[in-house]
């Protein structure tokens, strides 16, 4: 999805410092403080993330318009992952029904392009929707690339949703959020925690990313977001430092792709086919919780940020489709 | 409270590596993986925490028996904090009623001492209990010192509990857990999150600790524990490295003491005097959640670990008092 930091400013001088600004779309944008600062004796001081000021609706003096989002490792990995999910889910997903001018869209100045795909679950399926999105936005000195895959389940099951977001503001660093989003209060339902998070050994997958020396924890400035993710959530910035382009590419295509595939597999094996017998009060609570999480992420996210990257008519069209998928009413 | 890692072994050769084993008492013991490992070019490789094997019920060849827990910065800080809480809560706390042989207790071999104080809330008070505990255990090459303060509220309010635990296995490193433990599902109750965590600016306090270069996030291996803490929880290991004894002491007496005092103040101002109007179903849910959190921490914690540090008669006496305070039945 399409949601850079709310610190994005328009028509201001560009001043990009530190780790790129855009934050995971599903999660409200934030000053991307990517973890404890380190003073490292003799070592390279890691980039400290600060909100960046970016011109994203550029003047005509910008480079030639972007035709489409460039091929890069994050898009390949996301594409492969989405293909795997779609192959497994098969007829349980309806074809994408977004209008053509939302399936592919661009900024009038030509420096930003995006795509959105929304496949609703077929009748009787436990899938609510599968959403894929991609954004590429040229900025002075580089570009922002955001790719995301969300697979949300409906109220016929209480199993976790699937979420992956990759936000890259430079060739040498990326923010990764990969999680099975819980739909119940874990402290009240330890059996749910055990079923979906302990028995599946999800934390081992988390460990494989966190043990990479280039990672730092990425802590959302939004307390709500921190509350919404699971205790096994992967939320990191991976920074390979100056000259680390191929190192990052290797990580994205290697360890990250492998872990993302494993996490998706766990979700497909344990959640995608799940249905849950529920008392009516339980189901009402589940629906209420789902709606709170959806509306607080949508409303904080998209409505604040998407219009900053795209012209009003474009952003409102895209937002409308996303709201429709999430089932969140226009406020 | 008194709960080192479940990896403690008895009557095995000592082999202490890395960061000390004992884990926050309230939270189940674990292999203390204190955060992402770092390969730092030219810098000191940070200690990677691994479970340690310790002899804690020593043979007679150990050093002379410990008379009492030694004075050290963590105890001073905890003492000052407890005094502040008690002064403010005043007559809302009854005097401590633990038997003398639980108020102070020791290991038969003489290498471990502990103390426990439990003050119940006065009738009509929103305080359930205030618990303070201290443990000192000599081990080969050093000692383990654990100090904790818990102030739990009862069902007349849904405000968060107060928790601080300091676990120190060497003069140069310490694990700190400091939190206002939420009692409601934050994703379902964003207004609760806003009231107790956003409006109070608790995250600023967290930031003051996390910005210290010697800190690394401390992630409990217990997924339940990770789910039980708040999104503003301070959970860190602070490691000042070889020769860093006075640096650590300075941090404990300085930044840590200051932040702990601020967090306690926030709790005293916003939670301690709170009462909440609740529907009966809400109150039942609160009580059920409270009991789940209490029993899963007690049962995983104490019963596994306390007997490893103290003789059976001592540990069972102490456990019984703690269970009584928490209102958790003998299983």
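We did not get these values from a lab; they are worked out from the coordinates using the rules stated. These figures come from a predicted structure and were not determined experimentally. Here Cβ is always computed from backbone atoms with ideal geometry, including for glycine, and neighbour counts include all displayed protein chains.
Normalising by the residue count of the range B:73-326, find the relative contact order in percent from Cα pairs under 8 Å and 6+ residues apart. Present the calculation step by step, with values, prior to reporting the outcome.
Working: 411 pairs, mean separation 50.0, N = 254.
So the answer I get is 20 percent.
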request  = Run through the other copies and list how far each one's label point is from that of residue A:70, in nm with one decimal, shortest first; the point sits 7 Å from Cα along Cα-Cβ.
outcome  = 5.9
query = Fully extended, how many nm does the chain gain between residue B:262 and residue B:204 (0.36 nm per residue separation, minus their Cα-Cα distance)?
reply = 19.9 nm
key: residue B:86-residue B:141 FRET efficiency (beta carbon distance; Förster radius 41 Å; 0.05 resolution)   = 0.70
query = How far apart, in nm, are the 7 Å Cα→Cβ label points at residue B:277 and residue A:316?
reply = 4.1 nm
task = Evaluate peptide B:220-233: per residue, the Cβ atoms of other protein chains within 10 Å of its Cβ; return the mean as an integer.
result = 5
ask   = Any idea what the residue B:103 label distances to the other copies are, label 7 Å down the Cα→Cβ vector, nm, shortest first?
value = 7.9
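For A:177-189, what's the mean count of beta carbons from other chains sitting within 10 Å of each residue's beta carbon?
Working: counts 0, 0, 0, 0, 1, 2, 1, 3, 10, 8, 16, 11, 4.
Average per residue, whole number: 4.
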query = Copy-to-copy spacing for residue B:311, label 7 Å out on the Cα-to-C-beta vector, in nm, shortest first?
reply = 8.5
Gain on full stretching of the segment that runs from residue B:155 to residue B:68 - 0.36 nm per residue minus C-alpha separation = 27.6 nm
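Would you mind giving the mean number of other chain beta-carbons within 10 Å of the Cβ of each residue in A:289-297, as a whole number? List each step's numbers first, then the result.
Working: counts 4, 2, 1, 6, 3, 0, 1, 3, 0.
Across the residues of A:289-297, the mean count of other-chain Cβ atoms within 10 Å is 2.
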key: Fully extended contour minus Cα-Cα distance, from residue B:194 to residue B:250, at 0.36 nm per residue   = 16.8 nm
